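Here is the structure we will look at.
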Amino acid sequence: PYPHFNTIVLEGEQTHLESAFALKRAAILDAAGTVLRSGYKDFQTDYVAMRDFIQAQNVSLALCSYANSPGCFEAARDSNIPDIITAAYAAFPDAGAPYVNNQILTMKNPTTLQMGFIQRFYDMFVVPVKAWLRMKPHGDWINGLRRLSNCSITYLEYEPWAHKNSLKLINSLFGMETARPLGPLVEFIGPIMEREYSSLTTDLKEYLDSHSHVIYIAFGQHAVATESDLKLIMTGIMESIEAGAYDGFLWASRKGAEAFPKEIKTKSGNVYQVNDMFKGFYSNLRFVSWAPQTAVVMHPSVSTFLTHGGAVSMFEGLYAGKRLIVFPFYGDQFINAHNTKYRGLGDYLSPELKQEEASNIIINVGRDVDNKIQSNIGRYRALVQIHSQRGVTRGADLVEEVLFVSKNSQLPYRYEVARQMSYVKSHNLDLIVAALFLTVIGFSIFVALIKAFARHILVQEWVKFRTIFPSSLKMKTN
C-alpha cells in the first residue's frame, strides 16, 4: 500500500522485554542491562544488513529510534551518511538544564523543584558513578559485538556525547515536558498521532453507549503488573464504582484471570470474583484482550483513563479530553506521572500507597467535584490538538533540511559557536574571574584608604591632645 517504502526484515528472534521490566518501579537503569542485551543480541546481523542496505540502495539519510534500533546509527555513521535521532522524550544533554532530570538511565523526578539538598547531591554526583559501574560490563559486551562486525563506533547510545552532532526529533511538546531552553539540534514536533484509527467493535460500542462515566484501564505492551499491584488497583476501582465515581470499567489486558487476584473485597464488605468478571457475569465490568484505544478514549462515556503513562497513551488521553490516573513502571513514565499531578491533569498511583489512599485517588479523579481537573484537561486538550495538526509536516521539513543542507553528514550551521571556544571563554569565566579580581583589588584599596584616613585622624587628635594638656604627659624615667 506504500509504493515509496522498501521494507527489509531483519533476521533474528523477536525481542521480548517483559522480563526486563518485571517488578521494576525505578529509573530505567534497573532494567537497562537486560534491555540492552535483548536489543543488541542480534547486532551483528542487524548492523551488517543495515550497512549493506544503505550502501546497495544508495541511502542518503537514516532515521534511528533512540535506544530502540541497535545498529542503525552505527551503520549510518560508518557509511558516512547523516542520521536523525527520533525519541518520545528529550533525554539528551542539549535538552537539559541544571534543574531538569532528563538523563535516560536515572530520570525519575521531572525537575529538582521538590528535591532536597541531599537527594540533589546524590543524583548529581553519586548516581552517575553507580550508573557507569553498572553499565560498563554491558558496554564492553556491545563493543565486542561491534568489533566482530567491523563497526568503528565505540561510544554507547546512553553516553552524553553519542548524538551531539545529530538532529533530534522529539515526539513531545512543552506542557508534557518541562519548559527549559533547548539546543539548536533538538526539535519538538509532537504529538504525532494516527490520523486514522480502528473503530469500536459492535460489542464495545454497545457497552460504552449503555454507560455514562466509565474508567478505561490499559498498561501498554511491556509493563508487567504484579498481583499485588492489580489487587491495589482493582480494589480501588471497585470501591470507586460503589462510591458512584464511575458506573463501570473497561480493562484491556493481554493477561487472563490467572494473572489477577482471585477475588476483590471492598471496605463495604462486598466480594467480587475476578474470574466472573472475565466471564462477563457483571454487565458493567468488562475485560478485553485488546481494545482500539483511540476509539475507546474518544468515546464520550469514558471519563477517566488509567494508564502506565507511556507517551502515546498520554497524548491519546489528553487529545480526547480525559482525566488521567498514571501507574508508572519505568523510564519517562515516572516523569509523566509526576507531571500529571503537578499540572492538575489527574493523579498517580504507586505500589507504596495504602489501599485507602489509592482508592481515594481513583474516587477523587472520577468525581472531580470542583471541576478543576477537567478544566485543566480542557486546556491541555487544546494544546495537544493544536500541536498535533502540523507535527508530521514539521518533521518532514526537518528531514528534508538534513537531507539537502548537511555537509559531510554534519550540520555545522546548527552547532553552537561555543564549540569553537574554550569552556572558559564560552562561559565568560575569564571575565568573571577578572571582575572578581578587580573587585578584590578595589576593595583592598578601599580598605587601605580607610585605614590611612583613620590613622591620619588619630594622629591629629593625638597632636591636639598634647597641645592642650602638655603637663599631663610625663616622660617615663628609670
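The values are calculated or read from the model by the stated rules, or taken from the named source; none is laboratory data. Keep in mind that this is a model prediction, so the values were computed, not measured. Here the Cβ is made from the backbone with ideal geometry for all residues, glycine too, and neighbour counts use every protein chain on show.
Based on what the data block shows, is residue 343 surrounded by fewer than 18 Cβ atoms within 10 Å (Cβ to Cβ) and more than 30 Å from residue 29 (Cα to Cα)? No: the conditions fail for residue 343. Checking each residue in region 220-265 for being crowded, with 20+ Cβ neighbours inside 10 Å, out of contact with any Ser or Thr (no Cβ under 6 Å at 6 or more places or on another chain) and not in a helix (DSSP H, G or I) picks out 223, 225, 245, 248, 249, 250, 251, 260.
On the given criteria, is residue 379 out of contact with any Pro (no Cβ under 8 Å at 6 or more places or on another chain), of a type in the set (Lys, Arg), modelled with pLDDT of 95 or more and over 30 Å from residue 169 (Cα atoms)? Taking the combined requirement at face value, the residue does not satisfy it. Per the listing 86, 45, 34, the residue uniquely outside any loop (DSSP other than H, G, I, E, B) and under 19 Å from the mean Cα position of the chain (by Cα) is 86.
Assess whether residue 321 counts as being in contact with a Phe, Trp or Tyr (Cβ under 9 Å, 6 or more places away or on another chain) and either touching a residue at least 12 places away in the same chain (Cβ under 8 Å) or of a type in the set (Lys, Arg) (or both).
So residue 321 fits the description; yes.
Comparison of 46, 52, 94 shows that the only residue that is acidic (Asp, Glu), without any contact (Cβ under 8 Å) to a residue 60 or more places away in the chain and surrounded by fewer than 17 Cβ atoms within 10 Å (Cβ to Cβ) is 52. Residue count for region 50-76 satisfying the condition of being of a type outside the set (A, V, I, L, M) and over 25 Å from residue 161 (Cβ atoms): 5. Residues of region 151-186 that are over 21 Å from residue 138 (Cβ atoms), surrounded by fewer than 14 Cβ atoms within 10 Å (Cβ to Cβ), in contact (Cβ under 8 Å) with a residue 12 or more places away in the chain and under 19 Å from the mean Cα position of the chain (by Cα): 174, 181.
Looking at 73, 121, 125, which is the one that is under 22 Å from the mean Cα position of the chain (by Cα) and crowded, with 20+ Cβ neighbours inside 10 Å? Going through 73, 121, 125 in turn, the sole match is 73.
When region 255-288 is filtered for residues that are of a type in the set (D, E, K, R) and touching an Asp or Glu at 6+ places or on another chain (Cβ under 8 Å), only 267 remains.
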